[in-house]
1. Read through the list (1) touching a residue at least 60 places away in the same chain (Cβ under 8 Å); (2) out of contact with any His (no Cβ under 8 Å at 6 or more places or on another chain), then give the number of the only condition that Met290 fails.
2. In the stretch 106-128, what residues are closer than 22 Å to Cys331 by Cβ, out of contact with any helix residue (DSSP H, G or I) (no Cβ under 8 Å at 6 or more places or on another chain) and touching a residue at least 24 places away in the same chain (Cβ under 8 Å)?
3. How many residues are open to solvent by 10 Å² or more (accessible area, probe 1.4 Å) and within 22 Å of Lys53 (Cα to Cα) when one looks only at the stretch 312-336?
4. Looking only at the stretch 234-263, count every residue that is within 16 Å of Tyr379 (Cβ to Cβ), hydrophobic (A, V, I, L, M, F, W, C) and more than 15 Å from the chain's Cα centre (by Cα) and tell me the total.
5. I need the full set of residues from the stretch 305-336 which are in contact with a Gly (Cβ under 7 Å, 6 or more places away or on another chain), among the polar types (S, T, N, Q) and part of a loop (DSSP other than H, G, I, E, B), in order please.
6. Evaluate the stretch 60-83: report whether one residue or more is in a strand (DSSP E or B), in contact with a Ser or Thr (Cβ under 6 Å, 6 or more places away or on another chain), at pLDDT 95 or above and open to solvent by less than 50 Å² (accessible area, probe 1.4 Å).
7. Scan the stretch 241-253 residue by residue and report those that are open to solvent by less than 60 Å² (accessible area, probe 1.4 Å) and not polar (S, T, N, Q).
8. Could we say that Ile191 is assigned to a helix (DSSP H, G or I), within 22 Å of Gly322 (Cβ to Cβ) and without any contact (Cβ under 8 Å) to a residue 60 or more places away in the chain here?
Amino acid sequence: MKSFLKTCTTLSVFLSFTSASIAQEPLKAIGPGEGALSFVAWAGYIERGETDKNYDWVTKFEAETGCKVSVKTAATSDEMVALMNEGGFDIVTASGDASLRLIAGKRVQPINTALIPSWNTLDERLQNAPWHTVKGAHYGVPYVWGPNVLMYNTDAFKGEAPKSWKVVFEEMTLPDGKSNSGRVQAYDGPIYVADAALYLMAHKPELGIKDPYELNEEQYKAALDLLRGQRKLVGRYWHDAMIQIDDFKNEGVVASGSWPFQVNLLQAEKAKIASTFPEEGTTGWADSTMLHVDAEHPNCAYKWMEHSVSAKVQGDVSAWFGANPSVPAACKGNALLTDEGCATNGYNNFSRIRFWKTPTSKCESQGECVPYHRWVSDYIGVIGGR
């Protein structure tokens, strides 16, 4: 709930883009580093070897540039938007349900890709992606991407992966002979409405949902009804990755949408945990490094953006988080990711992932859709039992 309360105090109406959305001209040249660089980032995205010495892409950067890195971890996209609105940070690793809001709200500035020598090594599917590109201007540098997987306890499912998201949306007896009620989780963020819509796309095709982020009133009501039913099953709505890990280890949780990050950490501890890509497909995230419009350390930020798309960093981040690199070359020759890592992390499922984006009132699939501010208020109601 805390993430939602913060959202409600900062969320503004998502506006259509106009020429005024271009906040300023991008940086023309990179000068000396300012000695510091402050992040808003997802958990596990900015590592300096404190958890595992093998995963450190900060120490070398600091030594080479003199830019001392500090990180504020955010648990949801709404929290990231709130923090960037408050200011005091240089860059953010934003998902698609935050990036366009930051651009429309003039919280980030356009990127001069000519100042990033490795730009042309990026995956062509991501270079001009709509979640960081507006009217030909780039507002972000692709970082890593991946699916929201279905994480499950292998004992509860008797070693066989669940085939459908049904195990978290509808009451049922699991293979261990026990009900799923009270043993599943759902994501504590309004973008989770899209997960319900994705499930309905497969199981109620008569609703005519074409895009889980573009819902008319009837489709939206059906998604909310599904989520209200799920409320009776959910033991906790999660937004903190480490708390979810503890819940799977100690609180009897056996199934939930999750990030590969949690799966990897639990498996490293030899927990009886696996993940799967259900038959309905998944939602997912493609994150971009974005520069605050009032960044105090823009030179250090540009140095980081180039550092972040080196094949070594891309492979290491992907191995640690269970993500996919935005630089295809990182899929081969990285000792941590291994040559099989990209395939394992869903690299070939790119077209089956419905990447997070901010719902708007005007949408391509059917003209009029339910905007994001309603998703926020209504999902608070769902969690509150309304």
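The values are calculated or read from the model by the stated rules, or taken from the named source; none is laboratory data. Every value quoted in this text rests on a predicted model; they were computed, and no experiment measured them. Cβ sites come from the backbone with ideal geometry, for glycine too, and all protein chains shown count toward neighbours. In case anyone asks, the SASA skips ligands and DNA or RNA and just uses the protein heavy atoms, side chains included. Shrake-Rupley method; radii C 1.70, N 1.55, O 1.52, S 1.80 Å.
1. Condition (2) is where Met290 drops out.
2. Leu122, Leu126
3. Final tally of qualifying residues: 9.
4. Adding up the residues that qualify gives 1.
5. The answer is Asn334, and nothing else.
6. Checking the stretch 60-83: not a single residue is in a strand (DSSP E or B), in contact with a Ser or Thr (Cβ under 6 Å, 6 or more places away or on another chain), at pLDDT 95 or above and open to solvent by less than 50 Å² (accessible area, probe 1.4 Å).
7. Scanning the stretch 241-253 gives Ala241, Ile245, Asp247, Phe248, Gly252, Val253.
8. Judged against the criteria, Ile191 is not a match.
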